[in-house]
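This report refers to the structure that appears directly beneath it.
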Amino acid sequence: LEMAILIALYTGVRQGELLGLKWDNVRIDLNGQSYIRIVETLCRVKNYDETTNNKTVLSVNIPKTRHSVRTIPLLPDIAKKLDEYRMKQREFIFENGYTDLGYVIISTIGTPLDPRSFQRDFKLLLRRNNIREVNVHGLRHTFATRALESGMSPKTLSKILGHSSVGFTLDTYAHVTDDLKFTEMQSMNNFL
């Protein structure tokens, strides 16, 4: 789960976007600009096939909205870790005789990682390490909060998160902007 958690924490992608990410949409340039391109999501949907007992099936879909299709720059450290991970993943797939389906995040049997399994394993990891339990979406909120706290412009954050408007981003993270208002007003003491 390490790489999945790191990507989510450092890019703010939604769970389905993370699990639907394929290597074809990853550019790693250790001497330049690295990024991921969000063009697909992987999620569970209702199974309409009444001949099986499965109530849901994994489905690859287009992202949530047209704003959700986007390019997200990667920090150099994450790009480097992702490059190392890709090499280990290729070796793992080859050694186990699995078919490479092209997904960045895979299960222990080489298939795309099921969103339910990811959510379950993520919560188990938190419990084992005595960390307050949140769902995977909490990683997205952590990224957005830290981005605002570091001074990222709301417009840039909105584009990275795939929101339809800056207003939606600011409404969603109003608690952060309220805290920042007080902190930044205090810094005005030095100038007044």
For this session: Can you work out which of the residues in the range 47-73 that are polar (S, T, N, Q) and assigned to a loop (DSSP other than H, G, I, E, B) is nearest to Phe168 (Cα to Cα)?
Result: Thr65
Problem set entry | Qualifying residue in the range 78-86 (condition: part of a helix (DSSP H, G or I), out of contact with any strand residue (DSSP E or B) (no Cβ under 6 Å at 6 or more places or on another chain), β-branched (Val, Ile, Thr) and open to solvent by 70 Å² or more (accessible area, probe 1.4 Å)) | no
Exercise. Looking only at residues in the range 107-138 that are more than 14 Å from Ala8 (Cβ to Cβ) and touching a Leu at 6+ places or on another chain (Cβ under 6 Å), which one is modelled with the lowest pLDDT?
Worked result: Glu133
Exercise. Within the range 9-18, which residues are of a type in the set (D, E, K, R) and open to solvent by 10 Å² or more (accessible area, probe 1.4 Å)?
Worked result: Arg14
Problem set entry | Filter result for the condition that a residue is open to solvent by less than 40 Å² (accessible area, probe 1.4 Å) and either under 8 Å from the mean Cα position of the chain (by Cα) or over 18 Å from Arg90 (Cα atoms) (or both), over Leu21, Leu6 | Leu6
Exercise. Is it true that Lys155 is in a helix (DSSP H, G or I), within 21 Å of Tyr10 (Cα to Cα), at pLDDT 95 or above and open to solvent by 60 Å² or more (accessible area, probe 1.4 Å)?
Worked result: no
Seminar exercise, completed: Being more than 17 Å from Ile72 (Cβ to Cβ), of a type outside the set (Phe, Trp, Tyr) and either open to solvent by less than 40 Å² (accessible area, probe 1.4 Å) or in contact (Cβ under 8 Å) with a residue 12 or more places away in the chain (or both) narrows Glu149, Glu133 down to just Glu149
For this session: Please verify whether the range 27-46 includes one or more residues that are under 26 Å from Leu124 (Cβ atoms), open to solvent by less than 90 Å² (accessible area, probe 1.4 Å), out of contact with any helix residue (DSSP H, G or I) (no Cβ under 8 Å at 6 or more places or on another chain) and not in a helix (DSSP H, G or I).
Result: yes
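Rundown of residues vs (1) of a type outside the set (Ser, Thr, Tyr); (2) surrounded by 14 or more Cβ atoms within 10 Å (Cβ to Cβ); (3) touching a residue at least 40 places away in the same chain (Cβ under 8 Å), yes/no style:
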residue	(1), (2), (3)
Thr111	no, no, no
Arg116	yes, no, yes
Arg120	yes, no, no
Arg127	yes, no, no
His141	yes, yes, no
Ala144	yes, yes, yes
Lys159	yes, yes, yes
Ser187	no, no, no
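The values are calculated or read from the model by the stated rules, or taken from the named source; none is laboratory data. What you are looking at is a predicted structure, and each value in this text was computed from that prediction instead of being measured. Using ideal geometry, Cβ is built from the backbone for each residue, glycine included, and neighbour counts are taken over all protein chains shown. Calculation scope for accessible area: heavy atoms of the full protein, side chains included, ligands and nucleic acids excluded. Shrake-Rupley method; radii C 1.70, N 1.55, O 1.52, S 1.80 Å.
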